[in-house]
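Please read the structure below before turning to the comments.
The values are calculated or read from the model by the stated rules, or taken from the named source; none is laboratory data. What you see is a predicted model; the values in this text were computed from it and never measured. Cβ atoms come from the backbone with ideal geometry, glycine included; neighbour counts cover every protein chain shown.
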Amino acid sequence: MKTPKRIQPLVDDGLVDEVIRSLMSGKEASVYIVRCGSEIRCAKVYKDASQRSFKQATQYQEGRKSRNSRRARAMEKGSRFGREQQETSWHSAEVDALYRLAEAGVRVPQPFGCFEGVLLMELITDVDGDVAPRLNDVSLSHEQALAGHAQLMRDIVRMLCAGLVHGDLSEFNVLMDASGPVIIDLPQAVDAAANNHAQWMLARDVESITAYYAQSAPELSDTRYAQEIWALYEKGELTPDVALSGRFVEEATDADVDAVLQVIQDAREEELARRQRLLDSNESD
């Protein structure tokens, strides 16, 4: 096929020898199957911000730090240079996450680097050597659903132990190779410690995956893995190989009556002050 414009510089530099075919086009990127020497790999071409349908970049980028102070200031101001640097940060976030998660034992594609907004990475294949299907395209038995769900819960735990939350995990960004699920699509991965939205993003990831597998294993609907995982994380007791039960009981805490009364009193005083300001305003007219 004709070489896409964004991949041509990689061909010119000898990083890619041939673009074989288009694989898919998603909300933030298009993916191509390419040949690099004797290896068949993926080339993920990120779309420009104006073309992406992924709308919540700001809350995902919260907590990401730039080591370059000039770059950080430009990103905060939203200048042209800052927007360019924001895009570079968005692109590099996925390759950084892939390297970190692979080292942590999470099943993700092996990255080979990001060049001019194009991420080269491993092509995930099935048992026959064909492109691996997405989880949503696979029919699962009850036993396969339980095994796949357990593996993804382990990988979510390992991600969190490595300091990351996927942030957009579902059956549409999990591939199924011969050994089970492989997590993909990580440009929006968030820093668990620095992002204020990390807890609910983790809960959404877990609940989305659990709801899908529960179609084949209904008993998963009654589990509370997200709450269990986050509670262990907050206590500093989460480890990559922790044994999860899927059960969680909220700890009962006594209400702070004095604090509640203080809130009520503050609200009353604020309302009286508001009425007084309104009265003063009417009298001055």
Q: Among the numbered conditions (1) in a helix (DSSP H, G or I); (2) modelled with pLDDT under 55, tell me where GLU94 comes up short.
A: (2)
**Q.** Unique residue being in the same structural domain as HIS197 (by TED's automatic domain parsing), closer than 20 Å to ALA132 by Cα, surrounded by 14 or more Cβ atoms within 10 Å (Cβ to Cβ) and at pLDDT below 95 when the list is ALA57, ALA43, ALA29
**A.** ALA29
Q) How many residues does segment 185-237 hold that are part of a loop (DSSP other than H, G, I, E, B) and more than 30 Å from LYS44 (Cβ to Cβ)? A) 6
Q.
Checking VAL106 against (1) surrounded by 22 or more Cβ atoms within 10 Å (Cβ to Cβ); (2) assigned to a helix (DSSP H, G or I); (3) at pLDDT 95 or above: exactly one of these is not met. Which one?
A. (2)
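One line per residue, one yes/no per condition, for (1) touching a strand residue (DSSP E or B) at 6+ places or on another chain (Cβ under 6 Å); (2) modelled with pLDDT of 80 or more; (3) of a type outside the set (Phe, Trp, Tyr):
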residue	(1), (2), (3)
ILE7	yes, yes, yes
GLY14	no, yes, yes
GLU39	no, yes, yes
ALA49	no, no, yes
LYS65	no, no, yes
ASN68	no, no, yes
Q: Filter segment 189-234 for residues that are among the aromatic types (Phe, Trp, Tyr) and buried (at least 18 other Cβ atoms within 10 Å of the Cβ) and give the result.
A: TYR212, TYR213, TYR225, TRP230, TYR233
Q. So, in segment 176-228, of the ones that are of a type in the set (Phe, Trp, Tyr) and modelled with pLDDT of 95 or more, which residue ends up farthest from the chain's Cα centre (by Cα)?
A. TYR213
Q.
So, VAL127, is that one of a type in the set (A, V, I, L, M), over 20 Å from LEU101 (Cα atoms) and surrounded by fewer than 16 Cβ atoms within 10 Å (Cβ to Cβ) or not?
A. yes
